Amino acid sequence: MTTNVIVQPRITKITRIDGRVTRLVRSIAVSVDGGGVSQAYVDNGDAATLVSANAYTDSSLSDKADLVGGFVPASQLPSFVDDVLEGHLIDMTTFDDLFNDPYVPESGKIYLDITTNLQYRWGGSSYVVLNPSLALGETSSTAYRGDRGKIAYDHSQATGNPHGTSFSDLLNQSALFNLVYSAYVIGSNTAILASDTLGQMLGKLQAQVDSKEPTITATTSADYYRGDKTWRSFATDALGTVLTGLSTATATAITATDTVLTAFGKLQAQVNNKLNSDANAVSATKLATARNINGVAFDGTANITVADSTKEPTITAGTVSQYIKGDKSLGATATANTADTLVARDASGNFAASTITASLNGTASNVATNANLTGIVTSIGNATAIADKAIPLAKLADGTAGNILTYSATGVIAAVATGTAAQVLTSNGAGNAPTFQAATGGGGTVPPIVKQFSAYQFGGL
């Protein structure tokens, strides 16, 4: 029977001196194929001792590892066991030995970091971890305790405020107000919810603020803010508003529930039913206040009879050619001089010629003083003629300065028109009024003696 002995090293650390393995950390497992026997050899710090090694035989000892001084020669160990180098991983491209000198990277070597117990191989451009193991610790390269991690996880899932923390419990509170929130974006213009994140809440609040109107510049209390976002004068716009839809169909008193348009319509309807101060009523049944007519009250509801002894009773009508005489009887007008009869005038208001003939009684002074006489006044009958030189200048009609009174060919008084300084009054012969004309004659000078004679002549000497 052939028996194969298989050595399976389980090594995490190997110490070599001069190419020989002097210490195996942990164990080496040896299995006997076909014999059903498996046995482990544990290093206690001394050279590994193979117990009952001679109990197994093999027809070919060339497949077995030799022992030299109780140790397996390095040449008979697998290459990954022989080529383990200890040191420290500086970075993924540098691995120092125990003397802090960097190894030259080789692809067939195993590099053991004695600080983390992690094994690495050179991958051509960087060191690659072979069997990463997790050690307990509180660094980036260690694992945290599971029990504590469970407590931390459960706490992270708790809702509300399990510690009852208030804002005053926070340290460096002012730093919160100076924090730049990079996740902030303007959100929807909706109310914030309890389920919103801080960023969503800030975004919604800003969106709500953005949707509001900007600050409105104040004006005066007489203005109002119109729908087109401009200030307008209330008085100007109200007075200029067209009363579209105004109805004057109802003439009743306005009430507190009426709109302005309805109130205006009622007022106008009431005014339309009133009289102007200078107007007459079209119809009325009764005066609001009765009035007395010659002592008789009258309110318009019935006729009244007014009795007054100081007034004449009804006069019976006559014709247009009649008149009321002093005895209150009707008399006929006459066209001639008839006793106790009125003389009619023509359409122009004149009496017919020779209609009235009568004697004037009184003195001439009474006639001149109290009567306005027109036409030619002559002395007829007992009338006394106006005395000579009895008419003063004030009684003469006004004329033009420089005119001279004269008589015409018919004996009617007339005026001679004023001449110029170079003209002289010249006679135009009998029957003609004189006129001012240019002087005619020899044109010579008058001798002095003639002048003297003339002066004597006209002086009356």
Amide proton proximity set for Gly331, modelled H, under 5 Å, gap of 5+: Tyr323, Ile324, Lys325
Spatially proximal lysines relative to Lys274 (Cα-Cα < 26 Å; intrachain offsets below 8 disregarded): Lys266, Lys286
Efficiency of FRET from Cβ geometry, Ala279 and Ala253, R₀ 22 Å, rounded to 0.05: 0.45
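Using 0.36 nm per residue of separation minus the Cα-Cα distance, give me the extension gain between Ile151 and Thr420 in nm, one decimal.
82.0 nm
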Cross-link partners of Lys325 among lysines (Cα-Cα below 25 Å; sequence separation of 8 or more within a chain): Lys311
Contour minus Cα-Cα distance for Leu198 and Thr316 (0.36 nm per residue): 30.9 nm
Rg [Å, one decimal], Dmax [Å, integer] - region 131-174, C-alpha atoms: 15.9, 49
Phi to ³J(HN,Hα) by Karplus 6.51 cos²θ - 1.76 cosθ + 1.60 over region 288-301, Hz, x for Gly, Pro: 4, 10, 5, 10, 8, 10, 6, x, 9, 5, 9, 10, x, 8
Extension gain, Ala290 back to Ser221 (0.36 nm per residue minus Cα-Cα distance, nm): 19.6 nm
Set of lysines with alpha-carbon distance to Lys229 below 17 Å, sequence-local pairs under 8 removed: Lys212
Label-to-label distance, nm, for residues given as Thr115 and Val271 (7 Å Cα→Cβ offset): 10.4
In order through region 202-217: 3J(HN,Hα) via Karplus (6.51 cos²θ - 1.76 cosθ + 1.60), integer Hz, x for Gly, Pro: 4, x, 5, 4, 5, 5, 5, 5, 5, 7, 7, 6, x, 4, 8, 6
Cβ-Cβ FRET estimate between Phe298 and Ala235, R0 fixed at 51 Å, reported to 0.05: 0.55
Size of region 191-233 as Cα extents on the principal axes (Å, biggest first): 48, 16, 13
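Taken together, the values in this text are just the output of simple stated rules run on the coordinates, not laboratory data. The structure presented is a predicted model; accordingly, all values stated were derived computationally and were not measured. Heads up, the Cβs are rebuilt from the backbone with ideal geometry, glycines too, and the neighbour counts pull from every protein chain shown.
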